[in-house]
Amino acid sequence: MTGIKSRLLSGALWTVAGRGITSVIAAISTIVLARLLTPSDFGIVAIATATLAIAMAVTELSLTSALVVQDEVEIDHVRSVWTLSLLRSLGVFLIFFACAEPLAKFYGDLRLVPVLIATGVTGAISGMNSPLLALKSKQLSFKPAFYVETTQRIVAFVVSIALALELKTYWALVIGPMAGVTAAAVLSYVISPFIPKLRFLGLGHLFRFSIWLSLSRGITMLAWRSDQLIVGYFLPKAQLGLYTVADNVAAIPTRESIQPLAQTLFPGFAKIKNDPSKVRRGFALAQSTIALIAFPVAVGFALVAEPFVRLTMGDKWLGAVPVLQILCVVQAVAALTVPLQGLALAHSETRMLFRRDLIAFLIRLPITVAGLLTYGLIGLGVARLATAIIGAGLNFRLINRMIGLSALTQLKNQIRTLGAVAVMVAGLFVCHSWLRSAGIGAFPTLTSLVILGISLYALSITLFWRIAGSPDGPERELQVLVQSFIARRKR
């Protein structure tokens, strides 16, 4: 058991390290490329990448995950997974090749033809990693995945930046990712050698495991990427570029701040799923902890968006600021229901997730189109916020049905966090207005606002917690962590 615990801890460290490195590289890459290229460049490529993301999600069968949970894996099972991956990759490329010209004509921009074909190649290569790589995680060996993922990000980053500096065109956004997935695929076979053979054995079991989860992921990706395709049709490519970058940048702070916790929820809930009271308490604590982190990060980033964009990306991207601010709030709302994914998976409720995602998509699509056509990007941002609130309400009902935690209770648990965020917002608004009127530059403005925001939130949440009588909750957990850290430092 000690050996297993040691390997699990090592695996967790490698996973966190890989996630951290790739996230930092992705964030830096987005900012640097935005500085070097134009919104129009990002707009052209956004249509191709959104189409690819949807195509890959819809055809993603999670078969490698099925291999991991299967008790006995034979080599023919692995070859069957590789065979389906090959067919999927060929299908994705052929679809992109066949649809490149019609899609380019649909969007009124023939530059999309080679971009779509090249993006199809990227998608095809990305699906052809060695299937034996997934089995490493079954043996609690996470180093190989770390090496492959970080290599992909680093190669894509270096190639994209080099081409952007040299060519200063959107091709940097196309060729960089292609180089990254190629390097990752080659490395996967170096780390986990595999001799491919065509096989179709044991697919029934693999499909039964993955079908509902795959459908859910496909619908989710369709919901989150379809708006880019809609914007690309109705608005100029520069507007699409502004929206795409705003959407990407808005997600980074919130996603990365809560991801380490979110990744632990599935196995955590799985261990206690047969004890309803423990599940209810654990879910409430997880939800409140995520809110404690995500709310100030998302809302705070929205309030410093203008100096951040001006300083890091340049004045040509200032048009993205209003929609970026709205999308930051969308991230805060969405964070409230992040624990539901782990809860549902722990209870094998993958079909429920699919139904939820399908309903959310059917609600979101007409509202976002109406918002876009009425008020442009701002209308789209407001529509996204409205659908996020509706989606949160839907998720609250599902949570109540699963564990008996009412929507009102879920919201009441966040009162202290919401109060502290309100204090932070008021302070930052007053300070930002004064700094702007005084003509203070972007860097000192950004630095001052970040320091003030952190200070106001930390003091406010502590004060509200004390006033409430220091109850058990995320503040208590944070206090224990801080005290433990200080004690270790003293030793």
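Which of the listed residues, Thr368, Thr409, Ala291, is farthest toward the dipole's positive end in the range 260-411, when Lys, Arg count +1 and Asp, Glu count -1 at the beta-carbon?
Thr409
Taking the Cα centre of the range 273-491 as origin, sum charge times position over the Cβ atoms of Lys and Arg (+1) and Asp and Glu (-1), and report the length of that vector in debye to the nearest 20.
That gives the range 273-491 a dipole magnitude of about 600 debye.
So how much slack lies between Leu373 and Lys105, counting 0.36 nm per residue of separation and subtracting their Cα-Cα distance, in nm?
Length difference between fully extended and current span is 94.4 nm.
Please compare each pair in Lys105/Lys237; Lys237/Lys316; Lys143/Lys197; Lys143/Lys278 to a cut-off of 22 Å on the Cα-Cα distance and tell me which ones are over it.
Lys143/Lys197; Lys143/Lys278
How charged is the neighbourhood of Trp82? Take every other residue with its Cβ under 9 Å from the Cβ of Trp82, and add Lys/Arg as +1 and Asp/Glu as -1.
The answer is +3.
Give me the number: length gained by fully extending Phe429 to Leu94, i.e. 0.36 nm times residue separation minus the C-alpha to C-alpha distance, one decimal in nm.
Additional length available on full extension: 115.4 nm.
Calculate one ³J(HN,Hα) per residue across the range 372-383 by plugging θ = phi - 60° into the Karplus curve 6.51 cos²θ - 1.76 cosθ + 1.60, and present them in order as whole Hz with x for glycine and proline.
Couplings: 5, 5, 8, 10, x, 5, 5, x, 5, x, 5, 5 Hz.
So how compact is the range 369-491: Cα radius of gyration and Dmax in angstrom?
Spelled out, the Cα radius of gyration and Dmax of the range 369-491 are 19.8, 62 Å.
Can you bin the range 316-402 into rounded, prolate or oblate? Criterion: square roots of the alpha carbon gyration tensor eigenvalues sorted a ≥ b ≥ c, rounded for a/c under 1.5, prolate for a/b above b/c, oblate for the rest. Don't skip to the answer; put the middle values down first.
Values: a/c = 3.03, a/b = 1.99, b/c = 1.52.
Judged from the Cα gyration tensor, the range 316-402 comes out prolate (a/c at least 1.5, a/b above b/c).
Once you list every other residue whose beta carbon is under 12 Å from the beta carbon of Ala55, what net charge do they have if Lys and Arg are +1 and Asp and Glu are -1?
+1
All other residues with a Cβ under 15 Å from the Cβ of Thr312 taken together, and with Lys, Arg as +1 and Asp, Glu as -1, what is their net charge?
Within the 15 Å Cβ shell, the charges total +1.
Which order do peptides 158-165, 293-300 fall in by mean Cβ count within 10 Å, highest first?
Output ranking for 158-165, 293-300: 293-300, 158-165.
Give the shape of the range 273-491 as rounded, prolate or oblate, defined through the alpha-carbon gyration tensor: a ≥ b ≥ c are the square roots of its eigenvalues, a/c under 1.5 means rounded, and otherwise the shape is prolate if a/b is larger than b/c and oblate if not.
Working: a/c = 2.32, a/b = 1.13, b/c = 2.05.
Oblate shape, in that a/c is at least 1.5 and b/c is the bigger or equal ratio.
Relative to the present Cα-Cα distance, how much length would full extension add between Leu478 and Thr447 at 0.36 nm per residue of separation?
Here the answer is 8.7 nm.
What are the chymotrypsin sites (Phe, Trp or Tyr not before Pro) within the range 386-441 that DSSP puts in a loop, where the Cβ has at most 14 other Cβ atoms within 10 Å? Could the numbers behind the result be given before it?
Values: sites: Phe396, Phe429, Trp434; in loops: none.
In loop regions of the range 386-441 (DSSP not H, G, I, E or B), there are no sparsely surrounded chymotrypsin sites (Phe, Trp or Tyr not before Pro).
None of the figures in this text is laboratory data; all of them are computed from the coordinates on show. Values in this document were obtained by computation on a predicted structure and should not be read as measured data. Neighbour counts are summed over all protein chains in view; Cβ atoms, including those assigned to glycine, are modelled from backbone coordinates with ideal geometry.
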